[in-house]
Amino acid sequence: MIAQDITDRKKAETEINASLKEKEMLLGEINGRVRNYMNMISSLLELQSVYMKNEENREVLKDNKNRVKSMLLIHDGFSQSEDFALIDFSQYIKKLIELIVSSYHVDTDRIKMKTHTDGLMLDIDAAIPCGLIINELLTNAVKHAFPGTMEGEICVEFGLDNHDNNVLLVKDNGVGLASDIEFKDSGTMGFQLVNTLVKQLEGSIILSKNKGTTFQILWSRSEY
């Protein structure tokens, strides 16, 4: 009887291990396909930009390509995570800054890029909109906050407030937004996207124009 129990247990363990390996292989295949599709989209946007003679249109394509890449960074973060459900968002922010600095040829001697994060983890429902929000706000800052040879810094802060809410700050000490720009009613795609993503997080956003520009986004922390 004992021998039969041991045999049944070993058989069950073998079946479980086989099922886990099959699921890992399937997940790996899905991850590979998603990455390939996103790289294909990025390459198509890059190819199209080569044939664009209008500089403004080329910038639009570059912005869209970086949106795809910012999502690809999140995908990679989840793929490399020990827990496929969560991503180390502090590491993601650093990689996203590197992407933007490289893409827009930011002179980091003139424009300092800083981060202050608490090593928080995010699930995919929060990570994707939050990552796209940071991408939009950082892109806007590096393109417009420091015209000419003006020097300054851009900082991304991410942590929890006293009520255990997620708080994201993207701020710079540049020239600031024009006084006639109403962020929540702006017609620009970037700002419209930010407002939409904040709603997706069921959060709130506050814009401060004191000594530069500061965006503060706050939303409730998920229970993981």
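Table for the structure above
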{"item": "Per residue accessible area of region 75-224, 1.4 Å probe, in Å²", "result": "52"}
{"item": "Protein-only accessible surface order, largest first, of S90, S43 at 1.4 Å", "result": "S43, S90"}
{"item": "Probe 1.4 Å, all protein chains present, accessible-area order of Y92, Y104, largest first", "result": "Y104, Y92"}
{"item": "Nearest-10 value in Å² for the accessible area of R221, using the 1.4 Å probe", "result": "90"}
{"item": "Mean separation of Cα contacts under 8 Å (6+ apart) over length of region 70-176, as relative contact order %", "result": "27"}
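The values are calculated or read from the model by the stated rules, or taken from the named source; none is laboratory data. Predicted model only: the values in this text are computed from it and were never measured. Each accessible area value is taken on the protein alone, full model and side chains, heavy atoms only, with ligands, DNA and RNA left out. Shrake-Rupley method; radii C 1.70, N 1.55, O 1.52, S 1.80 Å.
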